[in-house]
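The values are calculated or read from the model by the stated rules, or taken from the named source; none is laboratory data. From a predicted model like this one, the values you see are computed outputs, not experimental measurements. No Cβ is skipped: glycine too gets one built from the backbone with ideal geometry, and neighbour counts run over all protein chains shown. SASA here: full protein model, heavy atoms, side chains in, ligands and nucleic acids out. Shrake-Rupley method; radii C 1.70, N 1.55, O 1.52, S 1.80 Å.
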Amino acid sequence: MISAVLLLLIYIPVYSLINNDKWVFLYVCVHRMLYCYFSLSVRVVVTFEQEQETADGKSVETVRKNHVFHLVAPDHLLYKQPSIIKGRTDVVTVTPWLAPVVWEGTFNPELLDSIYHQQNISVVATVFAVGKYIMFLKDFLETAEQHFFVGFRVHIYVFTDQPNEVPQVKMAANRGVTVRAVPSSNRWQTISARRMELIQTLIEEKLQGNTDYIFCLDVDSKFHGRWGTESLSGLVAVIHPGYYWTTRSNFPYERRARSRAYIAVGEGDFYYCGGAFGGSLDEVHLLARTCRLNFEADAAEGIEAAWQEESHLNRYMWINKPSKVLSPEYLWQDFKSRNHEIQIVRFSGVVKNYAAVRPNN
Ligand code: UD2
């Protein structure tokens with residue numbers, strides 16, 4: 001189609017020149033200028049296709065995604081001069097596939113915020129508070145208001161079996177909470193594992209077309225420091241605080257080859273948290289859908305991965321490399337003493353008595 005139009009656009013001016021028809025010639029020239037303008041202006045958005053295996057391992061889905069690489073900063077913004085020879089040297093700030101690893105001191109929050117304010121982005125967070133975990137929700141919501149994407153459009157979706165117990169938390173004008181009722185369960189493994197399915201459905205039913213980014217977070221946690229625009233990317237993973245000092249043979253990946261979450265000894269990059277992940281809506285939708293299908297296909301064969309959806313997430317991220325990796329600052333654990341490289345704890349799991357909060361153990 002495009003080549004036919006182009007041929008016509010070449011043929012008509014040549015014809016009109018031969019026949020000395022200057023109006024036709026002018027008309028075609030304007031068309032060609034418009035064509036050049038539009039083709040150049042869409043170049044900032046790169047579209048590519050990715051093939052993704054679904055749970056049965058046979059069918060292949062083609063997913064089309066748009067990634068906006070163009071970061072526009074406001075003119076005359078003054079900020080500290082960046083350097084490529086001075087900076088953090090105590091930690092690794094880039095993965096072998098060249099995704100940034102976000103640590104305190106590696107980014108300029110004011111610069112990033114001013115870039116993303118111009119895009120007027122909207123961010124969703126999902127959190128599950130089923131059974132006794134409802135007790136963690138108040139602190140989670142209150143601290144999110146203080147630290148999570150402050151100054152941006154934020155909406156938090158709370159999934160709970162006790163909608164009437166959701167605490168009222170005062171929120172800024174462009175922020176809000178929606179409560180979604182979910183059934184309770186007498187197995188914590190089921191509650192934890194169903195999250196992928198519910199995230200997938202939420203994206204399909206409510207978020208597509210009106211949300212830019214989504215983060216899926218554990219409720220038994222609190223924010224202590226900024227979590228903002230520095231965390232934005234296509235597919236975002238958080239390094240688990242318990243396993244970043246250890247070798248991959250010690251990662252608690254699913255090791256049974258018959259599971260779809262299987263990662264062989266000697267494979268794997270990092271151990272990522274099931275309690276925090278996110279990215280663009282399209283990427284998280286694909287992740288949630290794939291993990292859910294794989295989880296269900298495993299269940300149909302009577303197998304549950306070692307750490308449920310966390311194992312499937314780790315398998316997914318092994319193949320689909322995250323485009324940004326967040327350091328353990330983004331999910332620490334209160335019971336751990338802080339290592340020297342952790343200059344700030346932004347989000348951290350509270351100390352809990354598993355026997356007291358889980359429906360089974
Ligand atoms: C780890 C992961 C968690 C999940 C789990 C394995 C981190 C830091 N944590 O946490 O994300 O992968 O292992 O399944 O990566 N929940 C309820 N009600 C319940 C039980 C769970 O609402 O009765 C929800 C709640 O949002 C909670 C989340 O599921 O935050 C994870 O469950 P967990 O906190 O018991 O799992 P945990 O701490 O072992």
Report, in debye and to the nearest 20, how large the dipole of region 222-358 comes out about its Cα centre when Lys and Arg carry +1 and Asp and Glu carry -1 on their Cβ.
-> 260
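Using a 1.4 Å probe on the protein heavy atoms, what percent of the accessible area of region 132-223 belongs to carbon and sulfur? Kindly include the intermediate steps, with their values, before the conclusion.
On the way: 1970 of 4280 Å².
Looking at region 132-223 in its full context, I get 46 percent from C and S.
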When the chain is fully extended, how far beyond the present Cα-Cα distance does Gln343 get from Glu296, taking 0.36 nm per residue of separation?
-> 12.9 nm
State the extension gain, in nm to one decimal, for the chain segment bounded by Lys80 and Ser114, taking 0.36 nm per residue of separation less the distance between their alpha-carbons.
-> 10.8 nm
Virtual spin-label span in nm between Ile303 and Ala73, 7 Å along Cα→Cβ | 4.9
Would you mind getting the accessible area per residue of region 102-164, heavy atoms of the protein chains only, 1.4 Å probe, in Å²?
-> 39
Counting only heavy atoms of the protein chains, get the accessible area per residue of region 181-325 (1.4 Å probe) and round it to a whole Å² value.
-> 37
Classify region 202-263: rounded, prolate or oblate, from the alpha-carbon gyration tensor (a ≥ b ≥ c, eigenvalue square roots; a/c under 1.5 rounded; otherwise prolate if a/b is larger than b/c)?
-> oblate
Answer with one residue from Tyr213, Ala181, Ser122: the one whose Cα lies farthest towards the positive end of the charge dipole of region 101-223, charges on Cβ with Lys, Arg +1 and Asp, Glu -1.
-> Ala181
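Work the Kirkwood hydrodynamic radius out for region 111-262: mean of 1/r over every pair of different alpha-carbon atoms, inverted, in Å.
On the way: mean 1/r = 0.0582 Å⁻¹.
One decimal place: 17.2 Å for the Kirkwood radius.
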Ordering of 164-177, 121-134 by packing [mean C-beta count within 10 Å, highest first] | 121-134, 164-177
Which entries in the list Lys170/Lys321; Lys80/Lys324; Lys132/Lys324; Lys206/Lys352; Lys222/Lys324; Lys138/Lys321 go over 30 Å, if you measure between the two C-alpha atoms of each?
-> Lys170/Lys321; Lys132/Lys324; Lys206/Lys352; Lys138/Lys321
DSSP loop chymotrypsin sites (Phe, Trp or Tyr not before Pro) in region 208-262 with at most 12 other Cβ atoms within 10 Å of their Cβ, which ones?
-> Trp245
Hey, with R₀ at 41 Å, roughly what FRET efficiency would Ala173 and Ile319 work out to, going by the Cβ-Cβ distance, to 0.05?
-> 0.50
Region 94-174, convex hull of Cα, quarter of hull surface, nm² -> 7.4
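Select from region 233-333 those trypsin sites (Lys or Arg not before Pro) which occupy a DSSP coil region and have at most 16 other Cβ atoms within 10 Å, ordered by residue number.
Sites meeting the loop and neighbour criteria: Arg255, Arg256, Arg258.
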